[in-house]
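Asks: Got a structure here, written out as C-alpha cells. Questions coming.
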Amino acid sequence: MKFFVPAAKDDIKAEQVYNAFARSVKAPINEKRIWKLQWRDREIDMECEVGKPLPSSYQTGKELVMAIFECENLYKICTLTRGGVKGEPILVGKNSVSSATYFSDNVHN
C-alpha cells in the first residue's frame, strides 16, 4: 500500500498533514510509516488501518484513522478528534501489539 493520509489531495499535502499530526502528538517522524496495527485490549483482538474507522469500542464513530505513529514504548493512533484538532491520540502499548504493517513506500525525506 502506498503512503497516504485520508482527504489529502496529493503527496505534498499528505506529508504536510502527517507532519502536523506528528507535531500535535509529539511523535517522531519515522522513515517507516504504519498502515495497519493489530493489538489486544482487555482480552479483545483489535485492528485499525489508516483510512478506516477505529473499532467501535473507542467511540469515535465513523472518524477515520489519519495516522499511526511508532514511539518509544507505544503507538499513537490519530483521528481528527483523537490527536488531530483536539483530544489525545489512542495509546497502544508495544507489549500488546501483535502486528504492525507498514506502507510499501517507506522512504521519505
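Readers should treat all values here as calculations from the given coordinates under stated rules, not as data from a laboratory. Here the structure is a predicted model, which means the values were calculated and not measured. Here Cβ is always computed from backbone atoms with ideal geometry, including for glycine, and neighbour counts include all displayed protein chains.
Asks: In whole Hz, with x marking every Gly and Pro, tabulate ³J(HN,Hα) for the range 32-39 from phi via Karplus 6.51 cos²θ - 1.76 cosθ + 1.60, θ = phi - 60°.
Replies: 8, 10, 7, 9, 9, 9, 10, 8
Asks: Hey, another quick one. What residues have an amide H closer than 5 Å to that of A67, excluding those fewer than 5 places away on the same chain, when H is modeled at 1.01 Å from N in the peptide plane?
Replies: Amide H neighbours of A67: C78.
Asks: On C-alpha positions alone, give me the angle between the axis of helix 11-24 and the longest principal axis of the chain, in degrees, nearest 10.
Replies: Result, in degrees: 50.
Asks: Using only alpha carbon pairs under 8 Å that are at least six residues apart, calculate the relative contact order of the range 11-102 and give it in whole percent. Display every interim value, and only then the final one.
Replies: Values: 165 pairs, mean separation 26.9, N = 92.
Relative contact order here is 29 percent.
Asks: Using modelled amide H (1.01 Å from N, peptide plane; none on Pro or chain starts), what sits under 5 Å from the amide H of L74, excluding residues fewer than 5 places away?
Replies: K94
Asks: By the scheme Lys and Arg +1, Asp and Glu -1, what is the net charge of all other residues having a beta-carbon under 15 Å from that of L91?
Replies: Details: positive: K26, R40, R42, K76, R82, K94; negative: D41, E70, E72, E88.
Charge balance in the 15 Å sphere: +2.
Asks: Per residue of the chain, what 222 nm ellipticity follows from adding -39500 (n - 2.57) for every DSSP H run with n ≥ 4, rounded to the nearest 500? Write down the numbers at each step before the final one.
Replies: On the way: 1 runs with 14 residues, N = 109.
Helices in the chain give a 222 nm mean residue ellipticity of -4000 deg cm²/dmol.
Asks: Can you compute 3J(HN,Hα) from phi for each residue in the range 48-59, using the Karplus curve 6.51 cos²θ - 1.76 cosθ + 1.60 with θ = phi - 60°, rounded to whole Hz and x for Gly and Pro?
Replies: 9, 8, 4, x, 10, x, 5, x, 4, 5, 8, 6
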